[in-house]
Amino acid sequence: MNIANRQTYRRTTNFSGTKIYCLASAAISVTIVCTILVTLLVQSGPVLFTENAGLIGTKWNPSDGQFGILPMLFGSIFVMLIAVTIAFPLGLMAAVYIAETRSSKLRRALKSVLEILAGIPSIVYGLIGVAYLNIWIADLFDLQSGRIILTAGILLGIMILPTFLTLTEDAISAVPVKFRENAKSLGLYRHEVFFSIILPKAKSGIAGAGLLALGRALGETMAVMLVIGSLDRLPSPLFNPLSSGQTITSKLGREVTESAFGSPHFSALVFMGLLLVLITILLTIVSRLMFKQEDRHV
Amino acid sequence: MFDEFNIRHAQERGFALLLRASLFTCGAILFFLLGSIVVKGIGALSLEFLFMPAKDFGRSGGIFYQIFGSLMMVTAAAAIVLPLALGTALFQISYNSRPEVKYLLEQSLYALNAIPSITYGIFGLIVFVNVLNTGISWFVGSIILAIMILPTATLSTYQAMSAIPKIYHENAAALGLNKSQIIRRVTLPQSFHGLVTGLLIGLARAIGETAPIMFIATAFSGVTVPQSLVEPVSTLPTHILELAQQSTDPQALQNAWGASLVLVILVAGFSGLALFFRSRLISAGHK
């Protein structure tokens with residue numbers, strides 16, 4: 001075969017090296033996700049098939065074979081709710097200010113500061129929680145220790161604030177200027193323009209931003225682990241933010257290395273991890289649907 | 001009539017005040033965060049701190065091997081993720097014509113992005129440390145970090161590739177280039193910035209992560225340069241974690257602030273480089 005022939009052959013062949021390489025990469029990418037989910041599922045097996053493990057219970061005591069995950073699940077949700085109560089109103093209002101003042105200089109400056117803040121590693125937030133926040137909270141409420149659910153909630157609220165703020169600002173800015181101009185020319189005040197024109201238009205984008213922030217709040221480990229106090233009991237009374245608690249992530253961070261691989265204890269921890277993964281993936285899917293709706297609206 | 005006007009006017013003033021107060025609160029929080037990291041961190045920084053090994057369980061000495069370990073792990077992670085992200089993005093652009101496959105791939109990447117970082121750590125602990133029996137290994141940590149930044153790197157490359165004007169491909173095809181040649185001559189050079197940007201954003205995220213690597217890749221004290229793939233290293237985030245747990249000791253806390261400042265500077269450095277490449281990408285696209 002001479003060179004010209006070989007060239008023709010290579011040009012017409014269907015399975016070039018590049019194609020095989022690309023196919024393999026794509027296959028590996030999909031396989032990784034499946035492997036993670038299957039591994040977590042398989043490793044949750046032992047505790048799911050253990051009798052009287054009390055999985056849907058409130059008692060966590062590995063030496064008695066009691067693995068009630070409710071305190072951790074409740075802790076995760078409670079901390080998330082506190083974080084959201086702080087971050088959402090504050091972030092939304094600040095985003096409105098940035099988007100509606102329409103000063104592009106201020107906007108660009110704030111956006112870059114927010115990007116830096118969103119990039120601060122969570123362990124650094126944890127350090128701030130340990131060094132300042134938990135001491136301030138202990139002084140404020142006159143407590144022995146500031147390592148309580150409230151501290152974790154506030155810290156988490158501060159952590160998700162930059163992400164929520166920039167995404168919300170994007171959603172509000174995406175509403176075309178002509179809507180604002182028309183509304184203003186009708187003599188509406190700024191708050192009326194916002195509540196009756198902008199908010200209805202941007203609401204699915206804002207909701208998407210909120211869900212994404214929720215997912216981040218649920219999955220956050222380091223900062224929460226350092227300030228929550230690690231107590232595996234439901235707070236009493238139930239909605240008492242001043243008691244110590246435990247979230248799924250802080251539990252995993254503290255106990256995974258203490259449990260033996262393959263034991264019901266380890267498997268109960270993996271099961272909680274699996275639950276967490278499923279919840280966060282669900283939140284992401286819904287938030288992506290919201291963002292898509294936003295694209296159609298505008 | 002007049003009364004209604006007054007109420008609306010008052011509402012307007014209240015709304016404006018509320019907005020200002022929110023922005024001010026956010027600003028104050030952000031200022032406090034950055035300020036405390038910088039002020040406390042600079043107090044701990046010195047040449048010895050940067051270039052000496054840690055002594056006395058991190059209470060004295062420096063963080064040289066922690067910086068080294070962090071950089072080594074993320075560099076290896078970037079090297080692992082690069083071919084995978086490039087191949088996956090190329091597949092989406094050049095070879096995949098079926099929408100359901102595209103959808104599956106996109107959803108997998110978004111799912112990967114959504115998974116909490118601690119579960120990556122548990123996954124690594126199960127698969128590598130226990131099933132494959134590697135023990136605590138920095139290279140395993142790099143693999144896990146590579147999986148974590150795969151979505152970011154792939155999506156950024158993909159975006160850059162789909163931004164290439166269609167006419168480039170058509171011209172190349174008209175000149176008689178086949179698919180792999182078009183990829184090599186047109187797609188890759190024109191989307192290179194996207195790959196670099198995605199990798200750098202991924203690295204900025206990976207270098208600050210603690211949860212995925214703390215079970216599988218790191219040791220706290222007595223670690224220097226690893227001699228093989230299956231040895232632990234010490235990294236900045238895990239070092240800060242250990243020091244933060246001894247927070248009653250002012251000396252340990254001081255070093256934790258110093259390590260935090262170095263970490264934040266590294267993260268900002270990677271993000272800054274990413275911004276630089278992204279702006280070059282955008283200006284190149286306008287030509």
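The values are calculated or read from the model by the stated rules, or taken from the named source; none is laboratory data. Predicted, not measured: the structure shown is a model, and the values here were computed from it. Every residue, glycine as well, gets a Cβ built from its backbone with ideal geometry; the counts of neighbours run over all protein chains shown.
So how many residues does the range A:36-71 have that are assigned to a strand (DSSP E or B) and either among the small types (Gly, Ala, Ser) or crowded, with 19+ Cβ neighbours inside 10 Å (or both)?
2
Does B:Pro232 satisfy the condition of being touching a residue at least 12 places away in the same chain (Cβ under 8 Å) and touching a Gly at 6+ places or on another chain (Cβ under 8 Å)?
Values: touching a residue at least 12 places away in the same chain (Cβ under 8 Å): yes; touching a Gly at 6+ places or on another chain (Cβ under 8 Å): no.
For B:Pro232, the condition - touching a residue at least 12 places away in the same chain (Cβ under 8 Å) and touching a Gly at 6+ places or on another chain (Cβ under 8 Å) - is not met.
The set of residues in the range A:102-140 being β-branched (Val, Ile, Thr), in a helix (DSSP H, G or I) and facing chain B (nearest Cβ under 9 Å) consists of A:Val113, A:Ile116, A:Ile123, A:Val124, A:Ile128, A:Val130.
Listed by position, the helices (runs of 4 or more DSSP H) contained in the range B:114-190 that have at least 2 residues being closer than 20 Å to B:Val81 by Cβ are B:117-124, B:138-162.
Contact annotation: no residue pair with Cβ atoms under 6 Å, 6 or more positions apart or on different chains, pairs a residue in the range A:18-37 that is without any contact (Cβ under 8 Å) to a residue 12 or more places away in the chain with a partner that is surrounded by fewer than 18 Cβ atoms within 10 Å (Cβ to Cβ) and among the aliphatic types (A, V, I, L, M). For residues that are surrounded by fewer than 20 Cβ atoms within 10 Å (Cβ to Cβ) and in contact with a strand residue (DSSP E or B) (Cβ under 7 Å, 6 or more places away or on another chain), scanning just the range B:28-64, find the one that is nearest to the other protein chains (Cβ to nearest Cβ). The residue in question is B:Gly61.
Residue by residue, here is whether (1) farther than 25 Å from B:Asp249 by Cβ; (2) among the basic types (Lys, Arg); (3) assigned to a helix (DSSP H, G or I); (4) free of Cβ contacts under 8 Å to residues at least 60 places away in the same chain holds:
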residue: B:Phe24; (1), (2), (3), (4): yes, no, yes, yes
residue: B:Gly27; (1), (2), (3), (4): yes, no, yes, yes
residue: B:Leu30; (1), (2), (3), (4): yes, no, yes, yes
residue: B:Val39; (1), (2), (3), (4): no, no, yes, yes
residue: B:Glu48; (1), (2), (3), (4): no, no, yes, yes
residue: B:Ile67; (1), (2), (3), (4): no, no, yes, no
residue: B:Met72; (1), (2), (3), (4): yes, no, yes, no
residue: B:Ala78; (1), (2), (3), (4): yes, no, yes, no
residue: B:Pro83; (1), (2), (3), (4): yes, no, yes, yes
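Just one of the listed residues (A:Gly157, A:Gly187, A:Gly215, A:Gly219) is on the phi > 0 side of the Ramachandran plot and within 14 Å of another protein chain (Cβ to nearest Cβ), namely A:Gly187.
Scan the helices (runs of 4 or more DSSP H) fully inside the range A:171-250 and keep the ones with 3 or more residues being hydrophobic (A, V, I, L, M, F, W, C) and either in contact with a Ser or Thr (Cβ under 9 Å, 6 or more places away or on another chain) or in contact (Cβ under 8 Å) with a residue 12 or more places away in the chain (or both).
On the way: elements: A:177-185, A:190-193, A:199-219, A:222-227.
Helices (runs of 4 or more DSSP H) meeting the threshold: A:199-219, A:222-227.
Sort out which residues of the range B:207-247 are within 10 Å of chain A (Cβ to nearest Cβ) and modelled with pLDDT under 80, and write them in order of number. Within the range B:207-247, just B:Ser247 meets the criteria.
Return yes or no: is A:Ala260 part of a loop (DSSP other than H, G, I, E, B), within 13 Å of another protein chain (Cβ to nearest Cβ) and at negative phi?
Numbers: part of a loop (DSSP other than H, G, I, E, B): yes; within 13 Å of another protein chain (Cβ to nearest Cβ): yes; at negative phi: yes.
Yes, satisfied.
The set of residues in the range B:154-184 that are surrounded by 15 or more Cβ atoms within 10 Å (Cβ to Cβ) and either more than 30 Å from B:Ile80 (Cβ to Cβ) or in contact with a Phe, Trp or Tyr (Cβ under 7 Å, 6 or more places away or on another chain) (or both) comprises B:Ala172, B:Leu177. Which residues, taken from the range A:62-80, are small (Gly, Ala, Ser) and more than 11 Å from A:Leu234 (Cα to Cα)? If the condition is that a residue be small (Gly, Ala, Ser) and more than 11 Å from A:Leu234 (Cα to Cα), then A:Ser63, A:Gly65, A:Ser76 are the ones that fit. Candidates are the residues of the range B:117-146 that are without any contact (Cβ under 8 Å) to a residue 60 or more places away in the chain and within 7 Å of another protein chain (Cβ to nearest Cβ); the one that is nearest to the chain's Cα centre (by Cα) is B:Thr119. Quick one: would you say A:Ile86 is at pLDDT 85 or above, within 13 Å of another protein chain (Cβ to nearest Cβ), part of a helix (DSSP H, G or I) and surrounded by fewer than 21 Cβ atoms within 10 Å (Cβ to Cβ)? Against the criterion (at pLDDT 85 or above, within 13 Å of another protein chain (Cβ to nearest Cβ), part of a helix (DSSP H, G or I) and surrounded by fewer than 21 Cβ atoms within 10 Å (Cβ to Cβ)), A:Ile86 qualifies.
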